[in-house]
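Taking it in order: structure first as structure tokens, then the write-up.
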Amino acid sequence: MRIALFITCVNDLAFPATGIAVTRILRRLGHTVEFPAEQTCCGQMHANTGYRAEAMPMVRNYVDVFDSYDAIVAPSGSCTAMIRDQYPSLHPPATSVAARTYELSELLVDVLGVTDVGAEFRETVTYHPTCHGLRLLRLGDRPLTLLRQVRGIKLVELGDAEECCGFGGTFALKNPDVSTAMLTDKCARVRDTGARVLAAADNSCLAHIGGGLDRHRSGVRAVHYAEILAETGATS
């Protein structure tokens, strides 16, 4: 299958290892992964803040760049939800390419029929289901299904897992006190698990929670679950 990687702004600028991990996983499974250099932001921040007209050039560019691919994969529930949920109403010609855009776990489990990607990661891990993946994409337990197949992993349940972490993009900027209170609760639940690693499907949320965990000197690492799935235990 010819697959395009849509890296997203946050990953491209701050967490490039996540995109590399996605590529490693898919190539390990025998698929061709391409990275179109013409890609840009999906326009989520603009559209969600009321600047729909300003988002339109990005929406059109997404269609132009990715329409020829069998599938497009993004390591972000948030950006995938923007494309699948809002693109068809913003720009009807985007409907087809939006339907072929998948968050990583959807592509692996639903499209490729894979739950064991050959990973090995010997750590205690807890998983936070981020809001867009949970409520818009309805990812359910797909990421956890993949993580459960990782050799050596010890998965522990996160209390009140479905509660928002308080990030919400510009929500954290517009409502800092509420956001901080939500973050404090989430960090407490993470620490209660005793896990050494927190995994999630969005690096934006992981950056928010990870910052809180660092300030509490918890010793817990925040890691995109794709980076766990990319590990094989092999030494170079």
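The values are calculated or read from the model by the stated rules, or taken from the named source; none is laboratory data. Not measured: the values here are computed from a predicted model. Counting neighbours? That spans all protein chains shown, and the Cβs are built from the backbone with ideal geometry, glycine included. When the accessible area is computed, the model is the full protein with side chains, heavy atoms only, and any ligands, DNA or RNA have been set aside. Shrake-Rupley method; radii C 1.70, N 1.55, O 1.52, S 1.80 Å.
Could you check the spin-label model distance between residue 135 and residue 38? Points 7 Å from the Cα along Cα→Cβ, value in nm.
The modelled label-to-label distance comes out at 3.6 nm.
For residue 222, list long-range residues whose amide hydrogen, built 1.01 Å from N in the peptide plane, is under 5 Å from its own amide hydrogen.
The list, which skips near neighbours in sequence, is 198.
For the chain, report the accessible area per residue in Å² (1.4 Å probe, heavy atoms, rounded to an integer).
Working: 10920 Å² over 236 residues.
On a per-residue basis, 46 Å².
Using Cα pairs closer than 8 Å and at least 6 residues apart in sequence, work out the relative contact order for the stretch 105-236, in percent.
Relative contact order comes out at 31 percent.
Whole-Hz Karplus ³J(HN,Hα) for the stretch 93-98, in order, using 6.51 cos²θ - 1.76 cosθ + 1.60 and θ = phi - 60°, x for Gly and Pro?
Those phi angles translate into x, 7, 4, 5, 5, 5 Hz.
Could you work out the Kirkwood radius for the stretch 71-151, taking every pair of different alpha carbons, averaging 1/r and inverting it, reported in Å?
Taking every pair of different Cα atoms in the stretch 71-151, averaging 1/r and inverting gives 13.5 Å.
Tell me which residues come under 5 Å, amide H to amide H, from residue 120 once H is placed; ignore anything under 5 positions away on its chain.
151, 231, 232, 233
For the chain, with the dipole built from +1 on Lys and Arg beta-carbon atoms and -1 on Asp and Glu ones, taken about the Cα centre, which of 5, 44, 71 lies farthest toward the positive end?
Final value for the positive-end residue is 5.
Can you tell which of 88, 114, 228 lies farthest toward the positive end of the dipole of the chain, using +1 and -1 charges on the Cβ of basic and acidic side chains (Lys, Arg; Asp, Glu)?
Toward the positive end, the furthest listed residue is 228.
Of the residues 146, 104, 29, which exhibits the maximal mean-square fluctuation in a Gaussian network model of the chain defined by a 10 Å Cα contact cut-off?
Among 146, 104, 29, the largest mean-square fluctuation in the Gaussian network model of the chain belongs to 29.
For a distance above 32 Å, tell me the whole-number percent of Cα pairs in the chain that qualify.
17 percent
State to the nearest 20 debye the size of the charge dipole of the stretch 106-236 about its Cα centre, where the only charges are +1 on K and R beta carbons and -1 on D and E beta carbons. List each step's numbers first, then the result.
Values: 15 positive and 17 negative charges, 58 e Å.
Its charge dipole is roughly 280 debye.
Assign unit charges at the C-beta atoms only (+1 for Lys and Arg, -1 for Asp and Glu), then state the dipole size of the stretch 1-135 relative to its Cα centre in Debye, rounded to the nearest 20.
Its charge dipole is roughly 60 debye.
Just subtract the alpha-carbon distance of residue 192 and residue 124 from 0.36 nm times their residue separation and send over the number in nm, one decimal.
Roughly 23.2 nm would be gained on extension.
Per DSSP H run of at least 4 residues, take -39500 (n - 2.57); add these up for the chain, divide by its residues and hand me the 222 nm value, nearest 500 deg cm²/dmol.
One gets -11500 deg cm²/dmol as the mean residue ellipticity at 222 nm.
Please report, as a whole percent, how much of the solvent-accessible surface of the stretch 120-236 comes from carbon and sulfur atoms (probe radius 1.4 Å).
With neighbouring chains kept in place, the figure for the stretch 120-236 is 46 percent.
Provide the packing ranking of 79-85, 178-184, i.e. peptides ordered by the mean count of other C-beta atoms within 10 Å per residue, highest first. Kindly include the intermediate steps, with their values, before the conclusion.
Working: 79-85: 24.6, 178-184: 16.0.
By packing density, highest mean first, the sequence is 79-85, 178-184.
May I ask for the equivalent-ellipsoid semi-axes of the stretch 138-236, computed as the square root of five times each C-alpha gyration tensor eigenvalue and listed largest first in whole Å?
25, 14, 13
Among DSSP bridges having both ends in the chain, what percentage is antiparallel? Round to the nearest 5.
Details: 0 of 20 bridges.
About 0 percent, rounded to the nearest 5.
Quick check: convex hull over the Cα atoms of the stretch 40-85, volume per residue in Å³, rounded to an integer?
So the per-residue Cα hull volume is 70 Å³.
Taking H as built 1.01 Å from N, whose amide H comes closer than 5 Å to the amide H of residue 102, not counting residues under 5 places away?
It is 72, 73, 74, by chain and number.
Could I have the simple spin-label model distance between residue 162 and residue 116, label points 7 Å from Cα toward Cβ, reported in nm to one decimal?
The answer from the label model is 3.1 nm.
Of the options 216, 184, 130, report the single residue whose Cα projects farthest towards the positive end of the charge dipole of the stretch 77-236 (beta-carbon charges: Lys, Arg +1; Asp, Glu -1).
The residue sitting most towards the positive pole is 216.
Compute, for the chain, the length of the dipole vector about the Cα centre, with Cβ point charges of +1 (Lys, Arg) and -1 (Asp, Glu) only. Units Debye, rounded to 20.
Working: 23 positive and 26 negative charges, 75 e Å.
Roughly 360 debye for the chain.
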